[in-house]
Every structure is written in C-alpha cells, then in structure tokens.
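K.L.:
A single structure is presented below for examination.
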Amino acid sequence: MNTFILADNQELTSYAMQSLIAENEDNTTLRVSNRIGLIGMLKEHSDSVVILDFELMDFVNAEQLIILSERFSSSRWILLSDNLTPDIVSRVMYNSQSFSVVFKDDPVSEIRSALRAAMRGERHVSNRTLELTLMAGNIAKERENLTATEQEITILIAQGKSSKEIAMERVLSVHTVNTHRKNIFRKLGVNTAHDVTRYALRAGLLDSSEFYI
C-alpha cells in the first residue's frame, strides 16, 4: 500500500488528486493544511509520498523544504503548484533527488506519470520544469553580472521607488542612482522598471506574494 500525504489547501485540486491517487486501489490519501501538520503526519508515515503546493504551505524558503525532506529521507515528494519561480525549482532540483516537479496546468498524463514515478521511488520532471531549470541558469548568470549594490538597487526599483527616493534611502546622489539604474537595465537587457520587477521576481530577489505582474 502506498500512502500519499496531500498538502494543498485548494479543495478542487485536492479532490482531483485524490481521484487520481484512488485509481490504484492500494493507495490511501491523508490531508494536511500546514507545515506543522505535515511534519506530524510524516512522523507517523515517514515513507509516504508527499504532494505539496509550496506556495500554499507556510514554508519560509526552499531550503526549509529541502531540510525537511532530508529529515524524512525515506519520503518522496511531488511539488505541484500553479507557479514556481525558476529559483525555487533549481534549488529543489539540484539539492535533492527526492523531488518530482509538475504544474497544475500540466496535462493529466504528466501528473499521472509523476504519481507512478513516486510510487517506484523515482523522479519525474515535466517539460515546463526543465524549461524553468534552464531559465534559472540564465538568471544566475545575470545575477553574477550585477554587483551587490546593483542587486540592492534592483530590489528598490522593483518596489516602485524613484531615483530620488532611492538616493535618499541609500545616501547617494540622484546622478549616481541613475548611473546604477542604466547599468542594471543594460546588464539585464531590459528597458522598463516593469521588466526589472519581473526579473527580481524570477530571480527570487522579491517575494511574489507582494506583487501582481
């Protein structure tokens, strides 16, 4: 018998996943609504398959999730979300072999494949996940090109602050801030503050819950 722990607060998703899991009569599904509940359930069922929407659970960052998977090393994990940043995907993929990654708008066949792989103790990665992994590599190269100061100013630009406001906050001249801004735009290959915000979200410099792009 395979035990699945479903860590997702969306009723429709939970119903759909329970239906897919039940296609194999030997499977059983348990539900949790937060990280503490998940830990408690894993203590009782340490060799379970965890299906988790990272965005809906109260994890601080990807590292916290990776540490939990290492604590319960016999568990297998499927990240199933509407939207995961390239940064989160790359951290999970490169730091743990326990994770499969699929998206809620992937074909049902992809999600079934992830469930079957997890039951065999294998990893399944959807095509969209592979694309995000490649994107993460490109973002990492972009971040390497930004100095520490430029990364800090990138965050302030993404927060909607003007050059004057940034200058006051950083105790710099407006001219210096504008120079940094031009360098940031050039290095990222963008033309607007909106594009900088999108980059900051993809690169994990900002919490996506704070913005709607």
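K.L.:
Binned at 10 Å from 0, what are the whole-percent values of the Cα-Cα distance distribution for the chain, short to long?
P.N.:
All Cα pairs, binned at 10 Å, distribute as 8, 31, 28, 17, 11, 4, 0 percent.
K.L.:
Compute the angle between helix 193-202 and the longest alpha-carbon principal axis of the chain, please, reported from 0 to 90 degrees and rounded to the nearest 10.
P.N.:
Taking Cα atoms only, the helix is inclined about 30 degrees.
K.L.:
Okay, moving on. Residues in segment 1-24 near a label at Asp82, defined as backbone nitrogen under 19 Å from the 7 Å Cα→Cβ point?
P.N.:
7-18
K.L.:
Right, here's the next one. Largest first and in whole Å, give the semi-axes of segment 95-135's equivalent ellipsoid, each being the square root of 5 times a Cα gyration tensor eigenvalue. Mind showing how you got there, number by number?
P.N.:
Details: eigenvalues 53, 41, 7 Å².
Whole-Å semi-axes of the equivalent ellipsoid: 16, 14, 6.
K.L.:
Using a simple charge model, +1 on the beta-carbon of Lys and Arg, -1 on the beta-carbon of Asp and Glu, nothing else, what dipole does segment 1-49 show about its Cα centre, in debye to the nearest 20? Write out the running numbers ahead of the final one.
P.N.:
On the way: 3 positive and 7 negative charges, 58 e Å.
Dipole magnitude for segment 1-49 comes out near 280 debye.
K.L.:
If I stretch the segment between His194 and Gln18 completely, what's the gain in nm (0.36 nm per residue apart, minus their alpha carbon distance), one decimal? Intermediate results must be reported in sequence, preceding the final value.
P.N.:
Values: separation 176, 0.36 × 176 = 63.36 nm, distance 3.95 nm.
Length gained, His194 through Gln18: 59.4 nm.
K.L.:
Taking amide H positions as placed 1.01 Å from N in the peptide plane, with prolines and chain starts having none, which residues 5 or more places from Asn2, or on another chain, fall under 5 Å of its amide H?
P.N.:
Correct list: Asn27, Thr28.
K.L.:
When the Karplus curve 6.51 cos²θ - 1.76 cosθ + 1.60 is applied with θ = phi - 60°, which whole-Hz ³J(HN,Hα) does each residue of segment 51-68 get, with x for Gly and Pro?
P.N.:
9, 10, 8, 4, 6, 9, 9, 8, 7, 6, 7, 5, 4, 4, 5, 4, 4, 5
K.L.:
Using a 1.4 Å probe and counting only protein heavy atoms, arrange Met168, Met17, Met119 so the residue with the most accessible area comes first. Walk me through the numbers before you get to the answer.
P.N.:
Values: Met168 140, Met17 10, Met119 50 Å².
Result, largest first: Met168, Met119, Met17.
K.L.:
While we're on this one: Would you please give the residues with an amide H less than 5 Å from that of Leu56, counting only those at least 5 places away or on a separate chain, with H modeled from the backbone geometry?
P.N.:
none
K.L.:
Note down the net charge around Val174, summing +1 for each Lys or Arg and -1 for each Asp or Glu among other residues with Cβ under 15 Å from its Cβ. If you can, show how the numbers build up before the last one.
P.N.:
On the way: positive: Lys161, Lys164, Arg170, Arg181, Lys182; negative: Glu165, Glu169.
Surrounding charge for Val174 is +3.
K.L.:
In debye to the nearest 20, how big a dipole does segment 84-131 give about its Cα centre with +1 on each Lys and Arg Cβ and -1 on each Asp and Glu Cβ? Display every interim value, and only then the final one.
P.N.:
Numbers: 7 positive and 6 negative charges, 42 e Å.
The calculated dipole for segment 84-131 is roughly 200 debye.
K.L.:
Dipole size in debye (nearest 20) for segment 1-109 around its Cα centre, Lys and Arg Cβ +1, Asp and Glu Cβ -1?
P.N.:
320 debye
K.L.:
Given N residues in segment 1-84, what is Rg(Cα) / (2.2 N^0.38 Å)?
P.N.:
Values: Rg = 12.1 Å, N = 84, 2.2 N^0.38 = 11.8 Å.
Scaled against compact globular proteins, the figure is 1.02.
K.L.:
Two-decimal Rg/Rh of segment 1-43 from alpha-carbon positions, Kirkwood Rh? Please list the in-between numbers first.
P.N.:
Working: Rg = 10.5 Å, Rh = 10.7 Å.
When Rh is taken as the Kirkwood radius, the ratio is 0.98.
K.L.:
Counting helices only, and only those DSSP H runs with n ≥ 4, report the 222 nm mean residue ellipticity of the chain as the sum of -39,500 (n - 2.57) divided by its residues, in deg cm²/dmol to the nearest 500.
P.N.:
Values: 10 runs with 116 residues, N = 213.
That comes out to -16500 deg cm²/dmol.
K.L.:
Could I ask something else about it? Looking at the chain, identify the longest residue range that excludes and avoids all GluC sites (Glu not before Pro) in DSSP loops having at most 10 other Cβ atoms within 10 Å. Write out the running numbers ahead of the final one.
P.N.:
Values: sites that count: Glu23, Glu25.
The segment 26-213 is the longest one with no such site.
K.L.:
Follow-up. Using the Karplus curve 6.51 cos²θ - 1.76 cosθ + 1.60 with θ = phi - 60°, what ³J(HN,Hα) values do you get for each residue of segment 101-116, in whole Hz, with x for Gly and Pro?
P.N.:
Per residue, the Karplus-derived 3J(HN,Hα) values read 9, 9, 10, 5, 9, 5, x, 4, 4, 5, 5, 4, 4, 5, 5, 5 Hz.
K.L.:
What is the pair-distance distribution P(r) of segment 45-112, computed from all Cα-Cα distances in 5 Å bins starting at 0, with each bin given as a whole percent?
P.N.:
Per 5 Å bin, starting at 0, the Cα pair percentages come out as 3, 16, 30, 29, 15, 7, 0.
K.L.:
In the chain, with Lys and Arg counted as +1 and Asp and Glu as -1 at Cβ, which of these residues, Ala203, Gly160, Asn183, has the Cα nearest the positive end of the dipole, that is, farthest along it?
P.N.:
Asn183
K.L.:
Largest first, what is the accessible-area ranking of Arg31, Arg116, Arg128 with a 1.4 Å probe?
P.N.:
Numbers: Arg31 95, Arg116 125, Arg128 70 Å².
Ranking Arg31, Arg116, Arg128 by accessible area, largest first, yields Arg116, Arg31, Arg128.
The values are calculated or read from the model by the stated rules, or taken from the named source; none is laboratory data. Since we're looking at a predicted model, the values are computed, not measured. Cβ coordinates were reconstructed from backbone atoms using ideal geometry, including for glycine residues, and neighbour counts include every protein chain displayed. Protein only, heavy atoms only, side chains kept; ligands, DNA and RNA dropped before computing areas. Shrake-Rupley method; radii C 1.70, N 1.55, O 1.52, S 1.80 Å.
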